Amino acid sequence: MLLQPKPSLVGFRDRCSRWIVDATLTNVKMPLGEKFVPDLQSVSRAVRDDLEKPVEYEVSFIRNQQGLVITDRRFNTASLMALYLGKDAISVNRVDWNPNDPNLLNIRLPGGTDVRTRVTRRSQDNRAGEERLDTSEFFEQVFDLPDRVEPKVKASQCFTKYKWRTTEEAAIDNGPEIVATQVVSDYLTPYDGEMLMMQAKDRPVVVFTYRMTFRRPSLDPGPQQA
């Protein structure tokens, strides 16, 4: 699933607003082979149904109490979930997140499943003099499923490389202001079996690569009533 970057986005100071994201899953790899993939059916579905098929959704950037530009994870998570589950299935009311303590996020999914996400490690590289930003987050997700006694635990890394330009520069060729490449890597946890996890040796078992563009929503009000 598409994710979002590190909360503090140096270089995005003038981009506090909502954006339209066009995202395409461009590659899916299983570096250690299928036997290490816990949910092979889900990965196979992504390859069959999502690969090279662009999707569009909305994201938002806001400021926290410290004045830092951050991704609005409550809004963005609901936007992404609506893309996969349908607009009537999920709303921001099902997402709990504090912009001033952004490491924790809880989602209440239809059907009784609760998902708790916790960022465990992050880094950021804002190259001086360049309109670029690299972000990396390691995070853990705990799925409380109504039909299982033990929760499912998943560990992942999200690495995103951004490049941006001014609104005026983008207008010259009518292109996006921001482009990004996002790589989401899934790792095994003890939930998947300690022996298999030891064999994986902290290497990713599934790697998803996305190509993304960000553009501002059109300000055109549309046809006027007579």
Check your understanding: With (1) touching a Gly at 6+ places or on another chain (Cβ under 7 Å); (2) under 18 Å from THR77 (Cβ atoms) as the list, and GLN141 as the residue in question, which single condition is left unmet?
Key -> (1)
Exercise for review: State all residues of region 144-169 that are assigned to a loop (DSSP other than H, G, I, E, B), charged (D, E, K, R) and either under 28 Å from VAL205 (Cα atoms) or modelled with pLDDT of 90 or more (or both); if no residue qualifies, say none.
Suggested key: ASP147, ARG148, GLU150
Exercise for review: State which residue is farthest from PHE208 (Cα to Cα) when the search covers only region 45-88 and only residues that are acidic (Asp, Glu), surrounded by fewer than 12 Cβ atoms within 10 Å (Cβ to Cβ) and in contact (Cβ under 8 Å) with a residue 24 or more places away in the chain.
Suggested key: GLU56
Practice item. May I ask you to list pairs of residues, at least six apart or on different chains, whose Cβ atoms are under 7 Å apart, with the first in region 151-167 being farther than 28 Å from ARG127 by Cβ and the second being part of a loop (DSSP other than H, G, I, E, B)? Key: LYS152/LEU145; VAL153/THR189; LYS154/THR189; ALA155/THR189
Check your understanding: GLU194 versus (1) closer than 26 Å to GLY33 by Cβ; (2) in contact with a strand residue (DSSP E or B) (Cβ under 8 Å, 6 or more places away or on another chain); (3) free of Cβ contacts under 8 Å to residues at least 12 places away in the same chain: which is the lone unmet condition?
Key -> (2)
**Study point:** Residue ID - surrounded by the fewest Cβ atoms within 10 Å (Cβ to Cβ), chosen from residues in region 91-119 that are touching a Ser or Thr at 6+ places or on another chain (Cβ under 9 Å) and of a type in the set (A, V, I, L, M)
**Key:** LEU104
Exercise for review: Just give me the residues in region 168-180 being farther than 14 Å from ASP22 by Cβ and either surrounded by 12 or more Cβ atoms within 10 Å (Cβ to Cβ) or touching a residue at least 40 places away in the same chain (Cβ under 8 Å) (or both), in sequence order.
Suggested key: GLU169
Practice item. Please determine, by comparing only the residues of region 31-71 that are touching a helix residue (DSSP H, G or I) at 6+ places or on another chain (Cβ under 7 Å) and part of a loop (DSSP other than H, G, I, E, B), which one is farthest from THR189 (Cα to Cα). Key: LEU32
Revision key, fill the gap. Within region 120-167, restricting to residues that are of a type in the set (S, T, N, Q) and closer than 20 Å to VAL69 by Cβ, the one that is surrounded by the most Cβ atoms within 10 Å (Cβ to Cβ) is THR135
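The values are calculated or read from the model by the stated rules, or taken from the named source; none is laboratory data. Only a predicted model underlies this, so the values are computations on that prediction, with no experimental measurement involved. Cβ coordinates were reconstructed from backbone atoms using ideal geometry, including for glycine residues, and neighbour counts include every protein chain displayed.
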